[in-house]
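A short write-up of the structure that comes next.
The values are calculated or read from the model by the stated rules, or taken from the named source; none is laboratory data. Note that the structure is predicted; figures quoted are calculated from it, not measured. Note that each Cβ is placed from the backbone with ideal geometry, even for glycine, and that neighbours are counted across all protein chains shown. Calculation scope for accessible area: heavy atoms of the full protein, side chains included, ligands and nucleic acids excluded. Shrake-Rupley method; radii C 1.70, N 1.55, O 1.52, S 1.80 Å.
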Amino acid sequence: MRIVFKTDYMQDIRPWKDGHQLVLYLILLAVVAAAPWWLDDFYLGELTNVLIWAIAGLGLMVLTGHTGQVSLGHAAFLAFGCYANVILLEAGVPFLIAFPLAGILTGIAGVTVAIPALRLHGIYLAIFTMALSILMDDVIVLAEPITGGVGGKFIGGVDIFGLTIDRWGTPVHFFWLVLVVAVLVTLGFINLLRAPLGRSFIAVRDSEVSAQAMGVDIARTKMISFALSCAVTGWAGALMGMFSGAFNNETFSVVISIQLLMMIVIGGLGSIHGAFLGAIIVGFLPQFLSISKEYVGALFGGNTVAIPGLEFGIFGMILIAFILFEPMGMYGRWLKIRTWFELFPFYRKDMFKRQKSYLKTERLR
């Protein structure tokens, strides 16, 4: 058990608890950065996919995990960022300008969506955002001169300071690009939570009435949350487009939105770690099922038959299991295990008991 003695008020708002935690994160970053030397191209691509999902999860975590605004339409913003990036590249804009600009444009689109959605809460906001995700499919088809319609778009490699970065041609360089974006987004998220704006997000999530009484501008806070969430999601969408190489209106379906929301719930709402843990489940589950089917077929002498809906069925069962037995997600379970070891034998189960009562002002939202 390690006891951290606090001697300065700044220790409460540092990005890391102490030097020991910082060293652990640096070691983890070094291990991941060295992945091209201990993984082959296939598993390196899967790790790259996990990092892209983690970036998208961090985008949704800002809105849902910390501001409490449920969204089932983030696939639309993934598509917006993806198409904005490739259209800018086709127009001759350098990647180092096109990529950030794609996120900014997606953030502006998020603000436009947030204006009519400011008075919506809970299931009504979820339905509204889901409608946006469904509508985005039709918008892509109708804007065929710009988006390519059902034929879609193709994006090859991009040049950064004379270095060609291509998902298929140079997978190692593409992995490092995604890793740099993931690290920058994570650092930005950490500093956001330390700032007054991040505290306002959490206040709005816990109780809008109480936050307003404390002087928080609810409408402004929600709009900024939508903008930041959609901007980060737009960057993830741009990387998804580069990862897949080719995409059309069916690539970013409403299923992606549902999958993204389930991912942060399984990982742990309200935590940065939860976005990465959920991304590991989403990224590696399809490959785990494929390997398991081949192993079972070889073990029992049968053929591996594709079962429609198996992936989403297992993913749904995992979600139900976490909702019933561990609502705090994978990161919440890790916190309980760590606290048990730190406080043994004084640990009590009720330490993490959920509050089942609500403020009267919040019951009808």
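Summary table
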| item | result |
| --- | --- |
| Accessible surface ranking that places the most exposed of LYS17, LYS6, LYS336, LYS222 first, with a 1.4 angstrom probe | LYS6, LYS17, LYS336, LYS222 |
| Spin-label pair MET317/TRP340, simplified geometry with 7 Å Cα→Cβ offset, distance in nm | 2.4 nm |
| Under 27 Å between alpha carbons - lysine pairs in the chain that sit 8 or more apart or on different chains | 11 |
| Stretchable slack from LEU285 to TYR124, in nm (0.36 nm times residue separation minus alpha-carbon distance) | 54.9 nm |
| For the range 77-94 and the range 121-175, distance of Cα centres in Å | 8 Å |
| Tail weight of P(r) past 32 Å, computed on alpha-carbon pairs of the chain, percent | 36 percent |
| Global geometry of the range 111-218, whether rounded, prolate or oblate, following the gyration tensor of its Cα atoms and the 1.5 cut on a/c | oblate |
| Kirkwood Rh, angstrom, the range 26-129 [1 / mean 1/r, Cα pairs] | 16.0 Å |
| Within a Gaussian network of the chain (alpha carbon springs, distance under 10 Å), most fluctuating of SER290, SER133, SER253 | SER290 |
| MRE, 222 nm, helices only [DSSP H, n ≥ 4, -39500 (n - 2.57), over the chain, to nearest 500] | -22500 deg cm²/dmol |
| Radius 14 Å from Cβ of SER229, net charge of other residues (Lys, Arg +1; Asp, Glu -1) | +2 |
| 1.4 Å probe accessible area per residue over the chain, in Å² | 54 Å² |
| Spacing of the two label points (7 Å from each Cα toward its C-beta) at GLN11 and SER292, in nm | 4.4 nm |
| Solvent-accessible surface (1.4 angstrom probe) belonging to ARG220, in square angstrom, nearest 10 | 140 Å² |
| Accessible surface of TYR43 - all protein chains present, 1.4 Å probe, nearest 10 Å² | 90 Å² |
| Exposure rank, largest accessible area first [ARG333, ARG167; 1.4 Å] | ARG333, ARG167 |
